[in-house]
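Got a structure for you, written out below as structure tokens; questions coming shortly.
The values are calculated or read from the model by the stated rules, or taken from the named source; none is laboratory data. Values in this document were obtained by computation on a predicted structure and should not be read as measured data. Counting neighbours? That spans all protein chains shown, and the Cβs are built from the backbone with ideal geometry, glycine included. Ligands, DNA and RNA are excluded from the accessible area calculation, which covers all protein heavy atoms including side chains. Shrake-Rupley method; radii C 1.70, N 1.55, O 1.52, S 1.80 Å.
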Amino acid sequence: AILKSGRGNDRNGEESTMNWKEYFTENNGDGYLATASDNGEVNLAPYFRPEVLDDGTLAFGMSDSKTYRNVTSSGRATFAFNEGAFKGVRLYLQKSGETDNGLVLEKLRKRADAEVLPGTGQHLAHVVVFRVDRYEPLTNL
């Protein structure tokens, strides 16, 4: 199916028009999270698929990194997900929560060990939760 642009969770927290849990369960690929510092310096880091929570928000496991500091400061990020052959999605995100413990962090640590490299999960110290403000196809081709 061709992905069309759309709105994500609106400011009232209504569910996205896209089923992200289904999308990220059915599609494998490479993800990249882009953030910017207070002075505008852009950072881009590889990230595996987010954990989609019951309310449709997306949870990312983060280490104490530049990405985490930028998100803590600005509250915004863009996640580009490439399924291959430039097919995928760009998600424009707004931070809606954060935790340093709990079941979601443990689940993300286990997934990191399985999907990235063994031992990767031990570096995840934070779960940052985002709502999707809007999304677009990865490319307009």
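If I go through the range 119-130 residue by residue, how many of them are surrounded by 15 or more Cβ atoms within 10 Å (Cβ to Cβ) and farther than 19 Å from Q94 by Cα? Break it down into steps so the answer makes sense when it comes.
Step one: of the range 119-130, the residues surrounded by 15 or more Cβ atoms within 10 Å (Cβ to Cβ) are 120-121, 124-130.
In the following step, the residues that additionally are farther than 19 Å from Q94 by Cα were identified as 120-121, 124-125.
So the count comes out to 4.
If we scan the range 43-50, do we find a residue that is within 17 Å of L103 (Cβ to Cβ) and assigned to a strand (DSSP E or B)? Don't jump to the end; show me each part of the working.
From the range 43-50, those within 17 Å of L103 (Cβ to Cβ) are 50; that's our starting set.
With assigned to a strand (DSSP E or B) added as a condition, the list becomes none.
Within the range 43-50 (the criterion being within 17 Å of L103 (Cβ to Cβ) and assigned to a strand (DSSP E or B)), the answer is no, since none of the residues qualifies.
Taking the range 67-92 as the search range and keeping residues that are without any contact (Cβ under 8 Å) to a residue 60 or more places away in the chain and among the aliphatic types (A, V, I, L, M), which one is farthest from L44 (Cα to Cα)?
Checked the range 67-92; the qualifying residue farthest from L44 (Cα to Cα) is A85.
If you don't mind, there's one more thing I want to ask. Answer yes or no as to whether Y32 is under 15 Å from T57 (Cα atoms) and modelled with pLDDT of 95 or more. Quick ask: steps written out before the conclusion?
Details: under 15 Å from T57 (Cα atoms): no; modelled with pLDDT of 95 or more: yes.
No; evaluated as a whole, the condition is false for this residue.
So, one more: Of everything in the range 28-62 that's open to solvent by less than 100 Å² (accessible area, probe 1.4 Å), touching a residue at least 24 places away in the same chain (Cβ under 8 Å) and over 14 Å from the mean Cα position of the chain (by Cα), which residue is nearest to A85 (Cα to Cα)?
Among those that are open to solvent by less than 100 Å² (accessible area, probe 1.4 Å), touching a residue at least 24 places away in the same chain (Cβ under 8 Å) and over 14 Å from the mean Cα position of the chain (by Cα), it is N43.
How many residues does the range 62-119 hold that are more than 19 Å from T25 (Cα to Cα), small (G, A, S) and in a strand (DSSP E or B)?
3
For the range 120-141, enumerate the residues that are part of a loop (DSSP other than H, G, I, E, B) and within 16 Å of the chain's Cα centre (by Cα). Give the steps one after another, and end with the answer.
Within the range 120-141, the subset part of a loop (DSSP other than H, G, I, E, B) is 124-125, 138-141.
Within the range 120-141, L124, A125, L138 qualify.
Tell me the residue from D133, D113 that is open to solvent by less than 70 Å² (accessible area, probe 1.4 Å) and without any contact (Cβ under 8 Å) to a residue 12 or more places away in the chain, please.
Working: D133 fails: without any contact (Cβ under 8 Å) to a residue 12 or more places away in the chain.
Only one candidate qualifies: D113.
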